[in-house]
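K.L.:
A single structure is presented below for examination.
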Amino acid sequence: MKANTAEPRDAAAVILTRGDEICWARRSLKLSFLGGWHAFPGGKLEKSDAETAVENCADAELAALIACAARECFEETGVLLARGVDKMTKGQRASLHDDLMSGRMTFAEILTHWELRIDRNNFIFVGTWTTPAFSPVRFKTRFFLVDCPPKQEPYPASSELETVEFIRAKDAWEKWTRGEILCAPPILNTLRVFSNYKAQSLKLEVEELLLLAEAEGANPRKIELNAHITVFPLKTWTLPPATHTNCFIVGRQEFTVIDAASPFSEEQTALHKLINSLVEENNSTCQAIIVSHLHPDHTGGETALQKHLLEKHSQQVPLAAHRLTAEKLPNIKFDRFLENGETFHLLDANAEPFTLETLHTPGHARGHLSFYEPEIGFLLSSDNVIGAGSVLIATPEGSMSDYLNTLERLKNLPNLRFLCGSHGAAIANAPEKIESYIAHRLEREQRILAAWSAGAKTKSEIVEQVYTDLKPEVRQLAEMSVEAHLEKLQFENKI
């Protein structure tokens, strides 16, 4: 198995506060990394940050991170966290922002020229969170709590952000609870802590934030997408660039597990620990352990989890899959076969009911299953649409015609807003993402048809004409994809 060796880059972020409000931003949907997710202003450490003077800070590394936090906050929201800025007009701050973004002056030069000072005492450290190892983009981010200076109002000052606003932490938490937003673990934990604050100042909750970061920040594997769905990526024998397969736990008091996929004992132990906490904290019951489809990166841990739930919690949980999947996996004893339209009636942590709909979605595999939570509008697309890498359609198990029909069905699900596939992060603009998949496949098909018409009659010849800058290690996968397109074109009498 190829391990992800990406080293996390140093970064800093600001939790900007104003009374009982926090400032958060929605990242641009155009961003490849967490596009459409809500976050705090921040970004990666630059070499120039070490040139920025920070008063009352003898630690050079900490000073650079504070400078990074202040610079990123100014770049992204227009809020300048410096002493002396109260004497400046809104127009002057806008002019300085333009100087910084255009590269005419560095942040350090701006501060020096205008006699502004960054003070360590204004930045309260509230923990370090590191992007998990399964992510292709990783940051080791230090979070700082800072009061917003008077007379400054944040706005989307960078193209990376769509919206920037102050919001009561409790209101932000409720938005997440209702499934209206996506946010990463450090943001979610901040909302969770601040939503229960009892004082006039959010600063009194710093100790709890630090404890959370110390406990979870180095490896935040559990990602709560909303109050109904948790994703727990597991190492599997999957195709690069992915290294993990997302295991989904849907529900709290009544829940299902989809793709307990890892064959590795340490991964199974980690998943079992998470399931233990769920059962013990909520007196929960697992309704089913589901295999979404037959590919080896989606199986391997389901029987171990079934055994664990029986031995540890006396729960006899059925293994479930589509009948076509079960036929291809004779070594797994399935207890239940799922068909299109079947529903699971589940309970959240507050014992509020919701449903999960089963969708038979062939194309990637004949027995492929996806799942839809219609109340929130959240699709678990398995390997139909993913957040990292590309979807392989390979005959005879795969069918390009079925796949494109499946994508059309998924795109038109009522109330569809979000999706999360088996690899990579959740997607905030699900219909648009699915439409882009359809457009990409059809464009590729037209190029294959043009190559065929020009005389390329073998898979190898077509790959040479259609795929540019193809790496040798993925050539076989490209030929498989071409074969699936050719099968579709032959069925349609186009070749």
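Each value in this text was obtained by applying a stated rule to the coordinates, not by laboratory testing. A quick note: this is a predicted structure, and the numbers were derived from the prediction, not measured. When we count neighbours, we look across all protein chains shown, and the Cβ atoms used for this are built from the backbone with ideal geometry, even at glycine.
K.L.:
Report P(r) for the range 419-495: all Cα-Cα distances, bin width 10 Å, range 0 to the bin holding the largest distance, values in whole percent.
P.N.:
In whole percents, the pair-distance histogram is 17, 41, 30, 11, 0.
K.L.:
Taking square-rooted eigenvalues a ≥ b ≥ c of the alpha carbon gyration tensor, is the range 201-254 rounded, prolate or oblate, where a/c under 1.5 means rounded and, failing that, a/b exceeding b/c means prolate?
P.N.:
oblate
K.L.:
Okay, next question. Tell me which label goes with the value of semi-axes √(5λ) of the Cα gyration tensor in Å computed from the coordinates here: [x] 43, 29, 19; [y] 55, 24, 23; [z] 35, 27, 22.
P.N.:
Matching entry in [x] 43, 29, 19; [y] 55, 24, 23; [z] 35, 27, 22: [x].
K.L.:
For the range 217-302, what is the charge dipole size about the Cα centre, in debye to the nearest 20, if Lys and Arg each add +1 at the Cβ and Asp and Glu each add -1 at the Cβ?
P.N.:
Dipole about the Cα centre, nearest 20: 140 debye.
K.L.:
Expressed as an acute angle from 0 to 90° and rounded to the nearest 10, what is the orientation of the C-alpha long axis of helix 302-313 relative to the principal long axis of the chain?
P.N.:
70 degrees
K.L.:
Sticking with this structure for a sec: What is the distance in Å between the Cα centres of the range 421-473 and the range 107-155?
P.N.:
So the separation of the two Cα centres works out to 41 Å.
K.L.:
Could you list the square roots of 5 times each eigenvalue of the Cα gyration tensor of the range 257-401, that is, the equivalent ellipsoid semi-axes, sorted largest first and rounded to whole Å?
P.N.:
Each semi-axis is the square root of five times an eigenvalue, giving 25, 19, 14 Å.
K.L.:
Trypsin sites (Lys or Arg not before Pro) within the range 1-95: which are DSSP loop residues with at most 14 other Cβ atoms inside 10 Å?
P.N.:
Here the sparse-neighbourhood loop sites are LYS2, LYS30.
K.L.:
Residue-wise, which Karplus ³J(HN,Hα) couplings in Hz belong to the range 269-278, taking 6.51 cos²θ - 1.76 cosθ + 1.60, θ = phi - 60°, and x for glycine or proline?
P.N.:
4, 5, 5, 4, 4, 5, 5, 4, 5, 5
K.L.:
Suppose each label sits 7 Å from its Cα in the direction of the beta carbon; what would the GLU375-SER265 distance come out to in nanometres?
P.N.:
With each label placed 7 Å out from Cα toward Cβ, I get 4.0 nm.
K.L.:
What number do you get for the range 135-266 when its Cα radius of gyration is normalised by 2.2 N^0.38 Å, N = residues?
P.N.:
So the Cα radius of gyration is 1.25 times the expected 2.2 N^0.38 Å.
K.L.:
Would you work out which of ALA326, PRO233, HIS38 lies farthest towards the positive end of the dipole of the chain? Charges go on Cβ: Lys and Arg +1, Asp and Glu -1.
P.N.:
Going by the Cα projections, it comes out as ALA326.
K.L.:
I need the trypsin sites (Lys or Arg not before Pro) found in the range 172-248, filtered to DSSP loop residues with at most 14 other beta carbons within 10 Å of theirs.
P.N.:
Qualifying residues, ordered by number: ARG178, LYS198.
K.L.:
Could you grab the Rg to Rh ratio for the range 293-370? Cα atoms only, Kirkwood for Rh. It would help to have the intermediate numbers written out before the result.
P.N.:
Values: Rg = 13.9 Å, Rh = 13.9 Å.
Here Rg/Rh amounts to 1.00.
K.L.:
Then there is this: For PHE337 and GLU162, what is the calculated FRET efficiency with R₀ set at 45 Å and r taken between the beta-carbons, to the nearest 0.05?
P.N.:
0.55
K.L.:
Here is a further query. Kindly state, to the nearest 0.05, the FRET efficiency for LEU392 paired with ASN276, given R0 = 22 Å and r defined as their beta-carbon distance.
P.N.:
0.05
K.L.:
About its Cα centre, what dipole magnitude does the chain give when the only charges are +1 on Lys and Arg Cβ and -1 on Asp and Glu Cβ, stated in debye to the nearest 20?
P.N.:
360 debye
K.L.:
So how strong a dipole does the range 205-261 carry about its Cα centre when Lys and Arg Cβ are +1 and Asp and Glu Cβ are -1, to the nearest 20 debye?
P.N.:
In debye, rounded to 20, the range 205-261 gives about 420.
K.L.:
I've got another one for you. Over the alpha carbons of the range 350-478, what is the largest minus smallest coordinate on each principal axis, giving the biggest first in Å?
P.N.:
Each principal axis gives a Cα extent; for the range 350-478 these are 61, 24, 23 Å.
K.L.:
Select from the range 123-172 those trypsin sites (Lys or Arg not before Pro) which occupy a DSSP coil region and have at most 13 other Cβ atoms within 10 Å, ordered by residue number.
P.N.:
Answer in residue order: LYS151.
K.L.:
Nearest 10 degrees is fine. How inclined is helix 430-453 to the longest principal axis of the chain, computing both from alpha carbons?
P.N.:
Relative to the chain, helix 430-453 is tipped by roughly 50 degrees.
K.L.:
Run the quick spin-label model on SER32 and GLU207: label points 7 Å from Cα toward the beta carbon, then report their separation in nm to one decimal.
P.N.:
Reported label-point gap for SER32 and GLU207 is 4.5 nm.
K.L.:
Further question on the same structure: Can you run phi through the Karplus equation (6.51, -1.76, 1.60; θ = phi - 60°) for the range 87-93 and list ³J(HN,Hα) in whole Hz, with x for Gly and Pro?
P.N.:
Result, ordered by residue: 8, 9, 7, 4, x, 5, 4 Hz.
K.L.:
When the helix-only estimate is applied to the chain (DSSP H runs of n ≥ 4, each -39,500 (n - 2.57), divided by the residue count), what is the mean residue ellipticity at 222 nm, nearest 500 deg cm²/dmol?
P.N.:
Counting only the DSSP helices, I get -10500 deg cm²/dmol.
K.L.:
Non-local amide H neighbours of HIS368 (under 5 Å, H modeled in plane, Pro and chain starts lacking H): which ones?
P.N.:
THR361, GLY363
K.L.:
Stokes-Einstein at 20 °C, 1.002 mPa s, Kirkwood radius from Cα pairs: D for the range 48-177 in µm² s⁻¹?
P.N.:
Values: Rh = 16.0 Å.
This corresponds to a translational diffusion coefficient of 134 µm²/s.
K.L.:
Report the full-extension gain for the segment GLU51 to GLN490: residue separation times 0.36 nm, less the Cα-Cα distance, to one decimal in nm.
P.N.:
Going from the current span to full extension adds 151.7 nm.
K.L.:
By how many degrees, between 0 and 90 and to the nearest 10, does the Cα long axis of helix 206-216 differ from the longest principal axis of the chain?
P.N.:
30 degrees
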